[in-house]
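The values are calculated or read from the model by the stated rules, or taken from the named source; none is laboratory data. Being a predicted model, the structure only gives us computed values, none of them experimental. Using ideal geometry, Cβ is built from the backbone for each residue, glycine included, and neighbour counts are taken over all protein chains shown.
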Amino acid sequence: LTGIYYFESGIVKLDSLGNEEWNKYYLNTSSGRSIIKYNSGYLIAGNTYDYDNESYDLSVTRTDSLGNEIWTKYFGSVLNEEAFSVLDLDNFIYIAGYTESFGNGGKDIYLIKSDSLGNEIWNKTYGGTADDTASSVNVTSDGNLIITGMTESFGSEGKEVWLFKTDTDGNVLWEHTFGGSGDDVANSVQQTADGGYILAGYTDSFGAGGKDTWIIKTDENGTEIKSPFLPQTAELRQNYPNPFNPSTEISYSLKTEGLVMLSVFNTKGELVRTLANEKKTAGNHSVNFNGEGLNSGIYFYKLSVDGKAVQSRKMMMLK
């Protein structure tokens, strides 16, 4: 395990039953975000505070098998840098996170390749003028890199999941974004046995409201695969306009006829209004929601068909 202890990074070694075997703390770093086994020891990636520039630098520490520090390396400049993932590939070290010192503005994804001693070979930045960060870097079956995190520079709006594949020189081979009108972020990615990828994170655009755990499955080219176990009998669309005052249109479509329940809830989960509770034919439908008399704020609307929850979305009323 790695993490933060009074502004120092540290690791704790546990046995198979979760009992502590030993712990170590490192004065030269501020936080540990990612740890992997490296040769007979460990690599810890995170950040350290740069008192001269009053900002954080990305840091990587190598230890022996008992957690004793062998070396620590720092990467960055006058603004903030932080690592969230580290990878060992063919005795080269790849570190992924973000930088504010380099790139196109805001936070850009920061990918560094170093040798086995932590000496930088190259670094690359990816992103636009808004914030873009990497949460996970992993190896693919063909020896390349798969990286995920979030982007506010690309996609539709807000934070979106960003997945891209590079070669070992950091050149992008393909990329995809996933998300809706809210904030959607991936925290981890790995390749699956069928050659595709599985991503784990959270979504603020889909689910039951608020932040829900989100799993995305893609093919080998990063194209999303819809689950064969969750047939889409209906689709609930984003309300328009959004934000609204005081009324907005909510639309949905049915593949087959069914008993529709369309309800609006507040952030406490309390039912505010039932907009539909009747049988509807296959096809497109819409209903007007008038928030007259309600407070400004966030509301959720949920669609169920034949007693089964299909989808929910978030909307905002601003008076």
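Report, by residue number, each residue of the range 47-82 that is at negative phi and of a type in the set (Gly, Ala, Ser). Hits for the range 47-82 are Ser55, Ser59, Ser65, Ser77.
Can you tell me which residues in the range 84-136 are among the small types (Gly, Ala, Ser), over 15 Å from the mean Cα position of the chain (by Cα) and under 27 Å from Glu69 (Cβ atoms)? Ser101, Ser114, Ser116, Gly118 - these are the residues of the range 84-136 that are among the small types (Gly, Ala, Ser), over 15 Å from the mean Cα position of the chain (by Cα) and under 27 Å from Glu69 (Cβ atoms). Considering Thr133, Thr129, the condition of being assigned to a strand (DSSP E or B) and hydroxyl-bearing (Ser, Thr, Tyr) is satisfied by Thr133 alone. Of the residues making up the range 135-145, none is more than 19 Å from Val189 (Cα to Cα) and either out of contact with any Cys (no Cβ under 7 Å at 6 or more places or on another chain) or not assigned by TED's automatic domain parsing to the domain that holds Tyr26 (or both). Would it be correct to say that Asn19 is of a type outside the set (Ser, Thr, Tyr), modelled with pLDDT under 95, loosely packed, with under 14 Cβ neighbours inside 10 Å and on the phi > 0 side of the Ramachandran plot? For Asn19, the condition - of a type outside the set (Ser, Thr, Tyr), modelled with pLDDT under 95, loosely packed, with under 14 Cβ neighbours inside 10 Å and on the phi > 0 side of the Ramachandran plot - is not met. Of all residues in the range 136-159, those satisfying the criterion of being of a type outside the set (Ser, Thr, Tyr), in contact with a Ser or Thr (Cβ under 9 Å, 6 or more places away or on another chain) and in a strand (DSSP E or B) are Val137, Asn138, Leu145, Ile146, Ile147, Gly149, Met150.
Screening the range 36-109 for strands (runs of 3 or more DSSP E) wholly inside it with 2 or more residues that are in contact (Cβ under 8 Å) with a residue 60 or more places away in the chain returns the ranges 81-89, 92-99. Within the range 245-278, being among the small types (Gly, Ala, Ser), within 23 Å of Gly297 (Cβ to Cβ) and surrounded by 14 or more Cβ atoms within 10 Å (Cβ to Cβ) holds for Ser251, Ser263, Ala276.
Residue-by-condition table, conditions (1) over 30 Å from Leu318 (Cα atoms); (2) more than 30 Å from the chain's Cα centre (by Cα):
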site: Lys217; (1), (2): yes, no
site: Ile225; (1), (2): yes, no
site: Pro243; (1), (2): no, no
site: Ser251; (1), (2): no, no
site: Glu257; (1), (2): yes, yes
site: Arg273; (1), (2): no, yes
site: Lys279; (1), (2): yes, yes
site: Phe289; (1), (2): no, yes
site: Asp306; (1), (2): yes, yes
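Taking every residue in the range 249-278 that is outside any loop (DSSP other than H, G, I, E, B) and pairing it with any residue that is acidic (Asp, Glu) and surrounded by 13 or more Cβ atoms within 10 Å (Cβ to Cβ), at least 6 positions away or on another chain, the pairs with Cβ-Cβ distances below 9 Å are Tyr252/Glu235; Ser253/Glu235; Leu254/Glu235; Gly258/Asp306; Leu259/Asp306; Val260/Asp306.
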